[in-house]
Amino acid sequence: MARALLYIALFIAALVAVTHWQASRREAVAQAANPPVGKIITVDGVKVHYKILGQGPDLVLLHGASGNLNDFTMGFAESLSDRYRVILFDRPGLGWTDRLPGHGGAWNAAEESPLDQAALLQRVADQLDVKNPIVLGHSFGGIVALAWGLSRPDDTAALVLVSAVSEPWPGDLGWTYTVLGERLGGALVVPLITAFVPQTYIASSIESIFAPQKAPPGYADHIGVGRTLRRESMRANAQQVNASRPHVVEMQKRYGSLRMPIEAIHGDADTIVPLSVHAQVLMGDVPNGNLTVLQGTGHMPQHTAPGQVIDAIDRAAQRAGLR
């Protein structure tokens, strides 16, 4: 019995070692293949990756879950740079931005709340001389955009919410976020995914996010899926999303104080962040909202209906008196 237990312990140790070796190898390859596309600034000890394009009124773009600022740079941000100064950020723990102090590590399940994330990015924005911006948030970036507006109501010209998380949702988010967002899952399951997830699963996940539309050619390589699958990024994303609902509940109570123009644009075929749960409810919570529903459109309109999203930005700018 003692010998059997010893063999089991040795097998587990070997499996753990091989998993972390393979995860580290994949992370090194992903890091080399996806260098920063912008600049990195350090604020309060936290490194934040950002990129600035163009000139004009300030427009901040906040990406969604499991993403990075490259999600806006397949022509979308570039098409806005002729009339806006476009400021793109990697959110905490994602892309090339660090996690906040006290967060991160295999056994640490502390999440950065939407308000925490907004506060960090606002400090960076101050360093970049961002003034009275329009703040656009896609998907989970939408709740961070709302946190930005709540934190700085007098210095936020407008909000543009694209397929955005905004309201408390019924039920849970599924076993993936539940497992990966907890200490045990973050420590044990995340490395297995980083090390061994097949390309077919990645392709299927992207397909489901874009459905019923198709992802643009080269999307996975452009956003650098390998960096999203890093152990620390996966933990950050899962923890932030998994623990977000109580923060959303508290934030919703304050939505009536958001007096700036709010443009929401949402596809009625979005199954990731359903229109009926989020944008339609939000319109009853804010005093100055306008909702554009995209018929037959899924979760990624910045790629599949970019002209209509740009129109929403221009409307926000006009309503805010910036154009």
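The values are calculated or read from the model by the stated rules, or taken from the named source; none is laboratory data. These figures come from a predicted structure and were not determined experimentally. Positions of Cβ are backbone-derived with ideal geometry, glycine not excepted, and every protein chain shown enters the neighbour counts. All accessible areas refer to the heavy atoms of the entire protein, side chains included, with ligands and DNA or RNA removed. Shrake-Rupley method; radii C 1.70, N 1.55, O 1.52, S 1.80 Å.
Data overview
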read-out	value
Within the stretch 176-280, helices (runs of 4 or more DSSP H) holding 1 or more residues that are of a type in the set (Phe, Trp, Tyr) and open to solvent by 60 Å² or more (accessible area, probe 1.4 Å)	183-196, 199-210
Options 39, 47, 51: the member that is under 27 Å from residue 81 (Cβ atoms), among the charged types (D, E, K, R) and crowded, with 17+ Cβ neighbours inside 10 Å	51
Out of 315, 254, 323, sole residue that is in contact with a strand residue (DSSP E or B) (Cβ under 9 Å, 6 or more places away or on another chain) and either free of Cβ contacts under 8 Å to residues at least 24 places away in the same chain or of a type in the set (D, E, K, R) (or both)	315
Unmet criterion (only one of (1) crowded, with 16+ Cβ neighbours inside 10 Å; (2) charged (D, E, K, R); (3) farther than 28 Å from residue 76 by Cβ) for residue 27	(3)
Pairs where the first residue, in the stretch 142-161, is at positive phi and part of a helix (DSSP H, G or I) and the second is of a type in the set (A, V, I, L, M, F, W, C) and at pLDDT below 95, C-beta under 6 Å, 6+ apart	none
Residue list for the stretch 1-12, filter: aliphatic (A, V, I, L, M) and either open to solvent by 60 Å² or more (accessible area, probe 1.4 Å) or within 23 Å of the chain's Cα centre (by Cα) (or both)	1, 2, 5, 6, 8, 10, 12
Residue match in the stretch 122-129 (condition: assigned to a loop (DSSP other than H, G, I, E, B) and among the basic types (Lys, Arg))	no
Pair list, Cβ < 9 Å and 6+ apart or interchain, from the stretch 105-129 residues that are modelled with pLDDT under 95 to residues that are in a loop (DSSP other than H, G, I, E, B) and open to solvent by less than 10 Å² (accessible area, probe 1.4 Å)	109/181; 111/181; 111/244
Matching entry among 139, 166 (being open to solvent by less than 20 Å² (accessible area, probe 1.4 Å), on the phi > 0 side of the Ramachandran plot and modelled with pLDDT of 95 or more)	139
Qualifying residues in the stretch 281-295 (those that are assigned to a loop (DSSP other than H, G, I, E, B) and open to solvent by 40 Å² or more (accessible area, probe 1.4 Å)) - the one nearest to residue 161 (Cα to Cα)	283
Inter-residue pairs, beta-carbon under 7 Å, first within 12 Å of residue 225 (Cα to Cα) and modelled with pLDDT of 95 or more and in the stretch 58-79, second open to solvent by less than 10 Å² (accessible area, probe 1.4 Å) and of a type in the set (D, E, K, R), 6+ apart	68/90
